[in-house]
Amino acid sequence: MKDKLSLMIPGPTPVPERVLKGLSKHPIGHRSNEFQATTEKTHKLLQWLHQTNQDVLTITGSGTAAMEAAIINTLSKGDKVICGDNGKFGERWVKVCRAYGLDVQIIKAEWGQPLNPELFWKALEEDPNIRAVIVTHSETSTGVINDLELIANHVRKHGNSLIIADCVTSLGACNVPMDKWGIDVIASGSQKGYMMPPGLSFVALSERAWEANSRSNLPKFYLDLKSYRKTISKNSTPFTPAVNLYFALEASLEMMQEEGLEEIFKRHERHKKATQAAMKAINLSLFAAEGFGSPSITAVSPNNIDAEIIRKYVKEKFDILLAGGQDHLKGKIFRIGHLGFVSDRDIITAIGAIETSLSSLGILNQPIGKGIEAAAFELAPKE
């Protein structure tokens, strides 16, 4: 049967029918009172999702646009920054910083390992002139969740630095209380936990970040956040927005609010545990270090078996799309997305497809069912 593709990747993620209906509405004028009402409503809901009293600005662009905006709106040429690098996206922010002439110090960890918060504290103690620390919260390429709360705490103690967080695959999947943790900048994208198609990104700045913005001298025009802040106060946008994506955003945020933050976080944690347990039960190794698996995605190392063969079989036989490894991890891992509009049924289906595929390929050296059993145990209601 064709045209029944199931996305089990870290983005784009499945889109609910309610959101698709919002997307399919007839466009309206983006300077109309009707669109301003949508802008006002989504802004308030975005503040709720970010757990902040600060403005959350919406950009028509990808998550990379939001992160680039975060960097160029708070820093100046030659500023010293620390970038955490334990995956593909950590590497990307290093490249962005260098493209704008920033003085970058890199704190690395092997792909699959978390960043060590104490290395950030040591680097900050040694240099009072560090202006920002840039961290990927959920490293999509490896399935690792970094300890953003502790790193942010170290940055606040330093006093002179900002903490800039890539929360593209963590916001809407796990707890990221911006104000409580003292995060200065959060960036995210619509095609992840927001349960939407790609096309919108979001960036929120603390008061400290806005103070830094007044000193920033890096070049910017479309991504100049001052213009977004000025227009959001009037429930408007500085440039022509993706109008229909705003309709989708309104629908998705309403769905999220109806579910509630705590329930959203519990669901993602449950799906993480079920997926991890299933992979262990069928004797596949988890790529992320124990205890540091992301609630959004599980990276699996199939023990010297070409991961692309498994992905191809699952796609051809079951029409389920899994993500592959990036760069040197291509063929070494596959990644199971359990982010956004994903249900218990989706997890069971994906596990069953993987387990059956391994059996058909002659890789599964045990009866089919242990993976499903392990996942079902984690998904079962707990008293």
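Summary table
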quantity: Verdict on LYS273 being of a type outside the set (Phe, Trp, Tyr), in a helix (DSSP H, G or I), out of contact with any helix residue (DSSP H, G or I) (no Cβ under 7 Å at 6 or more places or on another chain) and outside the structural domain of ALA109 (by TED's automatic domain parsing); calculated: no
quantity: Selection count where residues are acidic (Asp, Glu) and without any contact (Cβ under 8 Å) to a residue 60 or more places away in the chain, scope region 235-270; calculated: 4
quantity: Matching residues, region 11-24, being farther than 14 Å from ASP346 by Cβ and either surrounded by 13 or more Cβ atoms within 10 Å (Cβ to Cβ) or polar (S, T, N, Q) (or both); calculated: GLY11, PRO12, ARG18, VAL19, LEU20, GLY22, LEU23, SER24
quantity: All positions within region 219-246 that are among the small types (Gly, Ala, Ser), surrounded by fewer than 17 Cβ atoms within 10 Å (Cβ to Cβ) and part of a loop (DSSP other than H, G, I, E, B); calculated: SER233, SER236
quantity: Options THR142, THR136, THR231, THR169; residue that is polar (S, T, N, Q), over 19 Å from ALA66 (Cβ atoms) and in the same structural domain as VAL81 (by TED's automatic domain parsing); calculated: THR142
quantity: Residues that are part of a helix (DSSP H, G or I) and in contact with a helix residue (DSSP H, G or I) (Cβ under 6 Å, 6 or more places away or on another chain), drawn from region 171-218; calculated: MET178, TRP181
quantity: Qualifying residue in region 148-161 (condition: crowded, with 21+ Cβ neighbours inside 10 Å, among the β-branched types (Val, Ile, Thr), in contact (Cβ under 8 Å) with a residue 12 or more places away in the chain and within 23 Å of PHE120 (Cα to Cα)); calculated: yes
quantity: Looking only at region 329-364, and only at residues there that are in contact (Cβ under 8 Å) with a residue 60 or more places away in the chain and more than 26 Å from ALA173 (Cβ to Cβ), the one that is surrounded by the most Cβ atoms within 10 Å (Cβ to Cβ); calculated: LEU358
quantity: Count - residues of region 61-79 that are of a type outside the set (Gly, Ala, Ser) and surrounded by fewer than 18 Cβ atoms within 10 Å (Cβ to Cβ); calculated: 2
quantity: Test result for LYS95, over 14 Å from ALA165 (Cβ atoms) and part of a helix (DSSP H, G or I); calculated: yes
quantity: Near pairs, Cβ below 6 angstrom, 6+ apart or cross-chain, from region 91-114 (free of Cβ contacts under 8 Å to residues at least 12 places away in the same chain) to any residue that is of a type outside the set (Asp, Glu); calculated: ARG98/VAL104
quantity: Pick from region 365-383, criterion touching a residue at least 12 places away in the same chain (Cβ under 8 Å) and not hydrophobic (A, V, I, L, M, F, W, C), ranking: surrounded by the fewest Cβ atoms within 10 Å (Cβ to Cβ); calculated: ASN365
quantity: Options GLU258, GLU262; residue that is surrounded by fewer than 16 Cβ atoms within 10 Å (Cβ to Cβ) and within 18 Å of the chain's Cα centre (by Cα); calculated: GLU262
quantity: Every residue from region 318-374 that is basic (Lys, Arg) and within 21 Å of GLU17 (Cα to Cα); calculated: ARG345
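To keep it simple, each residue is scored yes or no on (1) outside any loop (DSSP other than H, G, I, E, B); (2) of a type in the set (Gly, Ala, Ser); (3) in contact with a strand residue (DSSP E or B) (Cβ under 7 Å, 6 or more places away or on another chain).
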| position | (1), (2), (3) |
| --- | --- |
| ILE106 | yes, no, yes |
| GLU118 | yes, no, no |
| LYS122 | yes, no, no |
| ALA132 | yes, yes, yes |
| SER141 | no, yes, no |
| HIS154 | yes, no, no |
| VAL168 | no, no, yes |
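Results for (1) farther than 30 Å from PRO302 by Cβ; (2) touching a Phe, Trp or Tyr at 6+ places or on another chain (Cβ under 7 Å), shown as yes or no for each residue.
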| residue | (1), (2) |
| --- | --- |
| GLY101 | yes, no |
| PRO114 | no, yes |
| VAL133 | yes, yes |
| ASP184 | yes, no |
| SER190 | yes, no |
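The values are calculated or read from the model by the stated rules, or taken from the named source; none is laboratory data. Predicted, not measured: the structure shown is a model, and the values here were computed from it. A quick note on method: Cβ atoms are made from the backbone with ideal geometry, for glycine too, and the neighbour counts reach across all protein chains shown.
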